[in-house]
Each structure stands twice: as structure tokens, then as C-alpha cells.
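Heads up: the structure comes next, in C-alpha cells.
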Amino acid sequence: MNPDVFYICLNEWLDSDSGEGQDDNILFTDEKNKLKRRIKGFRFTQQMKQVRWTAYDGPKVLRDIRRIEKETGLPGTYSYAQDFLDYEQYVTFLYETILSCGLSIVAVLFVIMFITASVPVTMLVALSVLMVDLFLVALIYYWNLTFNSLVVINIVIAIGLSVDYSAHIAHSYLTIRPPASCVTKAQKRHYKARKALSQMGSSVFHGGFSTFLAIVALAPSKSYIFKVFFRSWFGIIVFGMANGFMLLPVILTIGGPADNLIDEHVYVAEDPKSKRRQPKVTAEERTLNKKN
């Protein structure tokens, strides 16, 4: 159709009863002169059925609308509704969750590797952290929480928070030097795991318990946000301490490294007579050596 004829017909239709009120849906370049004005932008509304399950049906609606726009829509046009903002987060929800958790695990691996300088121990600590996230997802389901953005934030936080419970135990395990009476690797691993718990267990427990005291005030709250934070952090503390106190020491006892990681600050001292660096011997090691 000729553009001049089109705009003449359009102006006649807008002035008629059927086109009354449609001026608000069309943006013209020059609104003063009806003969010279041209369409700069336009909008039209459509109705659809009510979406009951936003997390499940919302992404389907959004994908269908975008498919229709791609196949039959005009160039440069798009659809918008306030509800689409809620649907949009669930379209990229799974991808963003996996990406955030993956990047957090990579950061944990780098930090633990820098602290422990041991690949097996680093992988065991990462396993403990991943198990905390797995347990937390199960707790979310059984504690009547929905998988939304608030929950995902706490799941990502759990990776950085729960690593603290396992990293201290693992580092203490590596720095402990077993006595001469421990001959086999199994005996060395058992001794190192037991001493790691006795040395760092109380500090890790106090840290977890103090964190629990900080969030226990949120327990009676009726707000959904506070409920999510309390239930999520409760699971993080319980599962993080359980993995640090039970899962990780058991695995270290079964298959942890038995080699000695000498900590110069703790186990090595200067011998003033020989002026050579000699390893310290603890009271417990002296008692065991006397018995042997």
C-alpha cells in the first residue's frame, strides 16, 4: 500500500468510533500535523490464561511468545509484561545456579590448594563442601521451601561457609607429625586424623555454635525471607560440622595421605650446641618412645 494512502486511512480510522482511544498506543513523529506525522512506534495488548505455577509454566509461556515473535513478529518489536520479569529468572535459573556453584567450587579448590599444598586433601575438602550443598538441597525440599532466588543465594553461600569447617581439620591433619611408634600408613593416618580432631575440633565447634546463636533469633520469624535464611543456615551449620567432624576424618583415616608435611614454625627448633635445626619432640612422643 502506498504510504500516503495508508496514513490517510489510518487518520480516518483513528477519528472514527472504532479507532477511538487508539492514539495512546501509537507514537508519531509529529503529533501536531496529522497529515505529515509518521509512525515511530506502536503497541498492542493481548490476553492469555492465568499462569498458576510461575516456576514451571512461566518459562514455557515466555519461550512460546518469543518463538511466535521470531516466526511472525515484525522486525524490531518485542513483548513485555510485568509478569515476564518473574518468568525470566526461571528461564536462566538452572544455568545461573550451576554456573555460580561451579565458580565457587573452583575458587574453593584454588584456596584450599594454596593452604594445604596437597591435591588429595584438596579434593576431599571439595567433596565435603559439595556434600553439604547436596544435603542442603534435600533439606530445602523436605522443609517446604521452594527453589527460588533467595534459596539459590544461600546455596552459593553454603559453599564458602562450609569450607571453613573442613579446611581447618584437613590442614591440621597435614601438619601433624605421627610418632615413631606409628609404622604402617594406616597407623599414621589414624593418628593424624585423631590428633587433628583433638586440636582443631573445639575451635571448629565453637565457630559453628556461635554462628548458630547468631541465626537462632530468626527461628520464630513469620517472614518468608527470614525463614529461608534460618532454615538454610541451619542446614549449612549442621551439615558442614557433620562433614568436618565425621565424614572428612573417616575418609582421611581410610585413604588420606600418610606423608609428613613438616611445619617449620611448630615442629622445628634450633639446637644451640650443634647450631643445626632439630625436630621438636612432644611429651606424648617421648612417652611413646620410652614404652617402645
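Each reported figure results from applying straightforward, stated rules to the coordinates on display, with no laboratory input. Remember, predicted model here, so these are calculated numbers, not experimental data. Note that we place each Cβ from the backbone using ideal geometry, even for glycine, and neighbour counts take in every protein chain shown.
See the values below:
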read-out	value
Derived scalar couplings ³J(HN,Hα) [segment 158-165; Karplus, 6.51 cos²θ - 1.76 cosθ + 1.60; whole Hz; x for Gly, Pro]	4, 5, x, 7, 6, 5, 5, 6
Formal net charge of residues neighbouring V51 (Cβ-Cβ distance under 14 Å; K, R +1; D, E -1)	-1
Gained length - V91 relative to A219, 0.36 nm times residue gap less alpha-carbon distance	42.9 nm
Label-to-label distance, nm, for residues given as Y78 and R43 (7 Å Cα→Cβ offset)	1.4 nm
Over 32 Å between alpha carbons, listed pairs K195/K227; K192/K227; K49/K70	K195/K227; K192/K227
Computed FRET value (nearest 0.05) for I68 with I153, which takes r as the C-beta separation and R₀ as 35 Å	0.55
Rounded FRET efficiency, nearest 0.05, which uses the C-beta distance separating L127 from Q187 and R0 of 35 Å	0.90
For segment 83-161: relative contact order, % (alpha-carbon pairs under 8 angstrom, 6 or more apart)	38 percent
